[in-house]
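Report on the structure given below.
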Amino acid sequence: MVEVHKVNGVGPSHEGNVFLIKDEVAVLIDAGRDASAILDNVRGLIDPGEIKLIILTHCHHDHTAAVPALKAATGAKVLIGEGEVCDLGDDVATGSYRYAEDPAEFEIDGTLEEDDVINLGDWALSVIVTPGHSPGSISLYEPRARVLFSGDTLFPSGNIGRTRRSEEAVRDLVRSVERLASLDVLVLYPGHMEPTDDKVNEQIKTSLAFARSIH
Ligand SMILES: [Zn+2]
């Protein structure tokens, strides 16, 4: 039985969500900011050394600042969308302008592209490239369990990620939300806010209507 646990520290929304997927292979989706809180939460569930991958939905500081510390503590490999790699250091221009501190910089072990599949045992996560919130954002979909990790592309209750407000970024975001709206989703694990299993397809359709309204 695959389990998903939200393992980031509680507190203000300065930290993106971090999810631990416990399957035959254990992985983290995103890395947050507060490594010690994340590791404390992980230790209550598994030995952090069992985490083999840290999969990043995008490069923003609030999702990646803890990468170096988590990588050191777990030995996990770090993967990110290939379109995001050259964006490292570009936080100020994208979504993390509120965070005046140095942008997150970290070494990656590999990149992900459209249709890549990450086998965890029972689950196989499909990579969907969903630019808009950042140029190389990815979402991860598990088609059998109908579970979606949406990063900051969309959030519950009809919310969407912010964009650079350039026409191109908004157009990308609309297209990305359209793609996610074409999936059948039972459980949504977003990059911020709480996970939800309440009529998720309807919530995503509301996100799409909102995205189109700013187009
Ligand atoms: Zn972000």
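Please work out which residue is farthest from the chain's Cα centre (by Cα), limiting yourself to the stretch 19-67 and to residues that are of a type in the set (D, E) and at pLDDT 95 or above. Out of the qualifying residues, it is D47.
Filtered by the rule that a residue be assigned to a strand (DSSP E or B) and either away from the ligand (no atom under 16 Å from the Cβ) or open to solvent by 20 Å² or more (accessible area, probe 1.4 Å) (or both), the stretch 130-153 gives Y141, E142, V147, L148. For the stretch 177-185, the criterion of being open to solvent by 60 Å² or more (accessible area, probe 1.4 Å), more than 16 Å from the ligand (Cβ to nearest atom) and hydroxyl-bearing (S, T, Y) is satisfied by at least one residue. Selection of the stretch 17-51 for residues being in a strand (DSSP E or B) and touching a Lys or Arg at 6+ places or on another chain (Cβ under 7 Å) yields F19, A26, V27. Checked against (1) surrounded by fewer than 23 Cβ atoms within 10 Å (Cβ to Cβ); (2) in contact with a strand residue (DSSP E or B) (Cβ under 6 Å, 6 or more places away or on another chain); (3) assigned to a loop (DSSP other than H, G, I, E, B), H14 passes all but condition (2). Scan the stretch 52-81 for residues that are open to solvent by less than 10 Å² (accessible area, probe 1.4 Å), closer than 18 Å to I118 by Cβ and part of a loop (DSSP other than H, G, I, E, B) and the total you get is 3.
For the stretch 166-186, a residue qualifies if it is in a loop (DSSP other than H, G, I, E, B) and either touching a residue at least 24 places away in the same chain (Cβ under 8 Å) or acidic (D, E) (or both), and the qualifying residues are L183, D184, V185, L186. Considering A26, A31, the condition of being within 16 Å of the ligand (Cβ to nearest atom), closer than 19 Å to Y141 by Cα and crowded, with 23+ Cβ neighbours inside 10 Å is satisfied by A31 alone.
Contact map, the stretch 68-97: residues that are modelled with pLDDT of 90 or more paired with residues that are in a loop (DSSP other than H, G, I, E, B), Cβ distance under 6 Å, separation 6+ or inter-chain. Pairs shown: P68/F106; L70/A31; K77/D109; V78/I108; V78/D109; I80/I108; G81/G136. Scanning the stretch 180-215 for residues being among the β-branched types (V, I, T) and either in contact with a Lys or Arg (Cβ under 6 Å, 6 or more places away or on another chain) or within 19 Å of H58 (Cβ to Cβ) (or both) gives a total of 2.
Residue-wise test of (1) within 15 Å of the ligand (Cβ to nearest atom); (2) in contact with a Phe, Trp or Tyr (Cβ under 8 Å, 6 or more places away or on another chain); (3) touching a residue at least 24 places away in the same chain (Cβ under 8 Å); (4) open to solvent by 10 Å² or more (accessible area, probe 1.4 Å).
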position: G121; (1), (2), (3), (4): no, no, yes, yes
position: I128; (1), (2), (3), (4): no, yes, yes, yes
position: G161; (1), (2), (3), (4): yes, yes, yes, no
position: R164; (1), (2), (3), (4): yes, no, yes, yes
position: Q203; (1), (2), (3), (4): no, no, yes, yes
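The values are calculated or read from the model by the stated rules, or taken from the named source; none is laboratory data. All of these numbers come straight from a predicted model, not from anything done at the bench. Positions of Cβ are generated from backbone atoms using ideal geometry, with glycine treated the same way; all protein chains shown enter the neighbour counts. These accessible areas exclude ligands, DNA and RNA; they are computed on the full protein's heavy atoms, side chains included. Shrake-Rupley method; radii C 1.70, N 1.55, O 1.52, S 1.80 Å.
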